[in-house]
1. Within the stretch 72-181, report the GluC sites (Glu not before Pro) that DSSP leaves as loop and that have at most 15 other Cβ atoms within 10 Å.
2. Using Cα atoms only, what is the angle between the long axis of helix 219-231 and the major principal axis of the chain, expressed in degrees (0 to 90) to the nearest 10?
3. Measure nothing fancy, just the Cα-based angle from helix 150-165's long axis to the longest principal axis of the chain, in degrees from 0 to 90, nearest 10.
4. Taking a ≥ b ≥ c as the square roots of the Cα gyration tensor eigenvalues, with a/c under 1.5 meaning rounded and otherwise prolate when a/b beats b/c, else oblate, which class fits the stretch 200-322?
5. Quote the FRET efficiency, to the nearest 0.05, computed for T299 versus Q190 with a Förster distance R0 of 41 Å and r equal to the Cβ-Cβ distance.
6. As a test of reading the structure, rank W168, W292, W149, W101 by solvent-accessible area (1.4 Å probe, protein chains only), most first.
7. Would you mind calculating the relative contact order of the stretch 118-234 from Cα pairs under 8 angstrom and at least 6 residues apart, reporting the percent as a whole number?
8. As I understand it, the value is the acute angle between the Cα axis of helix 359-382 and the longest principal axis of the Cα atoms of the chain; what does it come to in degrees, rounded to 10?
Amino acid sequence: MVETVLGDLEESKCCQMTDEGDVSPLNLGMIAAYYYISYTTIEMIASSVKERTKIRGVMEILAHASEFSSLPMRFGEEKGLKILARTLTYKLPSTSEFHEWSTKALILLQCHFSRKPLSSDLRTDLSSILKECLKLIQGIVDVISSNGWLKPALASMELSQMVVQGLWNKDHPLKQIPHFTDEIIQRCVQYQGEEPIESVYDILTLEDDVRNRLLQLPDNKMADVAVFCNNYPSIEVSFDVEEADEIVAGEPVRVKISLEREIDEEDIDEETKGKLGMVASPLFPVERREGWWVVIGDTSNNTLLSLKRVSLQLESKVVLEFLAPEEAGDHNLTLFCMSDSYLGCDQEHAIPISVSPGDDDDDDDDDDDEDDDDEEEEEEGGK
């Protein structure tokens, strides 16, 4: 039995075995162990995700996770799923079968993002799906990061936000706020004030009478709005490229990054401080703290250079390290700070770097110069 299990793990590229019987973990195995993901799921993720995978593709990969194989299929439920499938934002893959748990998971995820009403049984199933989603998405991000692909990683991070808030990534960020209907959002968008209302931050800056006129909500619902807006993260991001004037092609580059929550520390006590970072997510079944992915990438060639995931209460510092591009010259990299829980608060910062030629390039130039000198001497000798 042990040999069979080890054979399966080796076949799924989670570990490797020597002829002497020694076993050592591989990258996929370590990711699976860290996030408590099935080895069959991590193998499926690694074989399915591609360089150009978008949110729709990541969502379909997520729905095929073995962790959802225990979803029940009740008598007569296929008919209800077929009805729900008619109005999905994304059509089901042509190979989908309604008796399969992966199809059910995909339908329920899309219903969650569209906030469609569900029966009590399907709501229970959706809750069990959502509880597994975040660790699976984090595993997907790590697999993609291992391949050095930027766009699929960012798409997976946006999917995490969608799961927590129960929205599509293209929905208006104001829709995250409890009790915000399309009518309320429309009034906010059409508001002709000194500054347009485009984000959650803008709701906080409104005068009370203006806010009351736009929202038209009773006091108990206004209290829910206040809780969400006060929990919504306002983060100041700063960075410093170490020895920026001495970056050499192919050599390590270190970037120090600081994330600091913008809050008046004098106005918070220890109890309030302990609650900082708690996510306001009425449609997510469990309480959780927000996390952030800090990413450096090159958008011009879809390359992810370095990534770390951090938690944030008041302040967090992290150092990202990567190898400078092999090509000397000016390069425009981008620092991404991506929330795992909220839409509309991600940040992008340009990191321009100038790369000097490496030693190999210098040697090549010297060789070229020597060849030119030799040719000139031969020509003079011929004369």
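1. E97
2. It is inclined by approximately 10 degrees.
3. In the chain, helix 150-165 runs at an angle near 20 degrees to the longest axis.
4. Since a/c reaches 1.5 and a/b is larger than b/c, the shape of the stretch 200-322 is classed as prolate.
5. Taking R0 as 41 Å, the efficiency between T299 and Q190 is 0.75.
6. W101, W149, W168, W292
7. 18
8. 30
The values are calculated or read from the model by the stated rules, or taken from the named source; none is laboratory data. The shown structure was predicted, so the numbers you read here are calculated from the model rather than taken from an experiment. Positions of Cβ are generated from backbone atoms using ideal geometry, with glycine treated the same way; all protein chains shown enter the neighbour counts. Accessible surface areas use protein heavy atoms only, side chains included; no ligands, DNA or RNA. Shrake-Rupley method; radii C 1.70, N 1.55, O 1.52, S 1.80 Å.
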